[in-house]
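Structure first, then comments.
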Amino acid sequence: MTRIRHSGLDFSVATLNFLANVGIVLPYVLILFKYQQTHNANYLAAIVVFYVARAASVFGTKHLNLKASSYLLICLWLGAIGSLLFCLTTNLVVVLIGALFLGYTSANIWPYFLTIKLHLSQQTDFKLKRFYWLIFAALGVLFGLDFALGWGYRLAFAILALLFIIALPAGRLLSRFSLAFYNDHQAADARPIKLWRVAVFIIFFAVIGLLTLLRKATIQIALPAVLVIIVVAIILLNLELAADWQAMPANKLRIVNRGFLLSFVLLFNSFFGVFVFGKLGMYLVFAIYLLGFETGHPLYQALAHHDSQQATRLARIGLILGHVLVITAQPVLYVLGLLLISLYVGFENPAINTSVYAAEVDDPDLAIIHKYRFSTYGGLLCQLCFFGLLVITSSLKHLNLMRFFNPSSVALKTTYLVGMVWPLAVISLVVSLITLYGQRYFKRD
């Protein structure tokens with residue numbers, strides 16, 4: 001009986017590890033596929049609500065002043081309920097509630113899971129067993145079969161809800177393991193909510209919701225008006241960034257840059273990749289990013305013979321060269337450019353996690369959340385620049401906004417290359433250069 005119980009807990013921890021790693025993207029993919037399968041407007045609205053909830057919830061967390069372990073359990077319960085709602089009905093109100101729950105879970109499950117892992121590393125020798133990663137792979141194959149064989153996404157949502165429930169014992173187990181850490185660390189008091197920030201927050205994410213809807217459906221809004229909306233959103237985003245600037249002691253620029261690079265590769269180039277590689281472009285770009293992210297740190301360390309300074313120099317050279325290669329849009333060079341940028345993100349990520357956690361002495365629970373908050377700032381800034389360039393290009397060339405997101409041919413490749421790839425790559429490179437070589441002007445970073 002004891003052996004069975006231990007095996008059950010092992011499976012639960014492995015399931016939690018799986019959900020924490022894929023939770024940011026899997027629910028979104030399921031909702032998107034469900035919309036593409038049914039063309040039901042309710043799922044389109046759910047995509048917008050999910051996207052906004054995922055982007056916004058990382059800014060609103062921690063106001064309940066709970067422990068990270070408690071937030072992790074909340075994520076699991078909301079994920080289970082949200083998935084179940086999508087499984088049971090297509091009712092608009094219910095589906096939107098489900099999207100709201102899944103959006104919150106997607107934004108927060110990994111940061112809080114990582115936070116607890118870092119807490120445990122301070123008090124114990126906790127490590128994920130290789131067995132957990134085997135189950136990770138098996139669950140990935142299960143969802144892959146669902147997609148490939150067309151078993152129906154209602155089943156996929158049912159499986160997802162079941163996995164969240166299976167992960168609950170692991171969440172409670174990690175909560176008990178982390179008690180010793182919390183006994184030694186007094187959490188900081190929650191910061192008071194300022195009404196002006198609430199107003200800016202609501203307006204900004206209402207704008208993000210509108211821009212997201214414009215990506216998914218044809219809505220008749222004058223392009224100059226959309227451009228004004230984007231400018232206002234950029235101003236509001238910078239107000240939020242300025243208000244949060246003192247929340248993290250170090251690494252703010254590096255993290256903002258990380259978020260910008262992530263959106264540049266995964267969002268913008270996943271769409272532009274279709275013009276370079278055809279229908280499989282989006283999947284190829286995602287595979288390139290995943291390869292670079294997972295291998296960046298060990299690869300550069302190996303090339304530099306484990307000399308950290310030399311590895312950092314190589315990664316930075318690769319980042320700059322990557323931007324130059326991307327703007328060629330020649331398939332082989334384009335792939336190499338995206339890979340070099342992804343390798344840099346993968347190289348930076350472990351160092352950022354360690355440094356932000358070590359620098360947060362007041363409330364270690366907030367360290368990783370702050371990281372993702374500043375990363376989200378960078379990602380949203382990239383998205384707004386991307387959409388602004390799209391509006392300008394569409395207006396000058398008299399094109400519909402949807403032509404970029406739903407390309408019927410590669411005939412417009414040069415138009416988007418000159419109007420969007422070149423300027424956005426230059427903006428991304430400038431942000432990176434400021435981050436890499438402008439630290440002396442930002443002493444607190």
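The values are calculated or read from the model by the stated rules, or taken from the named source; none is laboratory data. Note that the structure is a prediction, hence the values are computed from the model and not measured. When we count neighbours, we look across all protein chains shown, and the Cβ atoms used for this are built from the backbone with ideal geometry, even at glycine. Only protein heavy atoms, including side chains, enter the accessible area calculation; ligands, DNA and RNA are left aside. Shrake-Rupley method; radii C 1.70, N 1.55, O 1.52, S 1.80 Å.
Expected output is a single nm value to one decimal: the length gained when fully extending between residue 406 and residue 155, i.e. 0.36 nm times separation in residues minus the C-alpha distance. What is it?
Working: separation 251, 0.36 × 251 = 90.36 nm, distance 2.77 nm.
Stretched fully, the residue 406-residue 155 segment lengthens by 87.6 nm.
Output the pairs from 67/371; 34/67; 34/279; 371/413; 279/413 with a Cα-Cα distance over 24 Å in this structure; if there are none, say none.
34/67; 371/413
With the simple spin-label model, which puts each label point 7 Å out from Cα in the Cβ direction, the residue 414 to residue 246 separation comes to 5.4 nm. Couplings 3J(HN,Hα) of the stretch 284-292, computed from phi: 5, 4, 4, 5, 4, 4, 4, 4, x Hz, in residue order, whole Hz [Karplus 6.51 cos²θ - 1.76 cosθ + 1.60, θ = phi - 60°; x for Gly and Pro]. Dimensions of the stretch 268-412 based on its C-alpha atoms, expressed as ranges along the principal axes with the largest first, amount to 53, 36, 22 Å.
Here the 3J(HN,Hα) profile of the stretch 409-426, calculated from phi with Karplus coefficients 6.51, -1.76 and 1.60 at θ = phi - 60°, is 7, 9, 4, 8, 4, 5, 4, 6, 4, 6, x, 10, 4, 4, x, 5, 5, 5 Hz, Gly and Pro shown as x. Applying both filters, DSSP loop and at most 10 other Cβ atoms within 10 Å, to the trypsin sites (Lys or Arg not before Pro) of the stretch 253-294 gives 279.
Ordered by 1.4 Å accessible area with all protein chains kept, 117, 371, 397 run largest first as 397, 117, 371. Residues whose amide H comes within less than 5 Å of that of residue 330, counting only those at least five positions distant or on another chain, are absent (H built at 1.01 Å from N in the peptide plane). Label separation (residue 37 vs residue 395): 4.0 nm, computed from points 7 Å beyond Cα along the C-beta direction. Backbone geometry of the stretch 380-395 corresponds, through the Karplus equation with coefficients 6.51, -1.76 and 1.60 at θ = phi - 60°, to 3J(HN,Hα) couplings of 5, 4, 4, 4, 5, 4, 4, 5, x, 5, 5, 4, 4, 5, 5, 5 Hz, x marking Gly and Pro.
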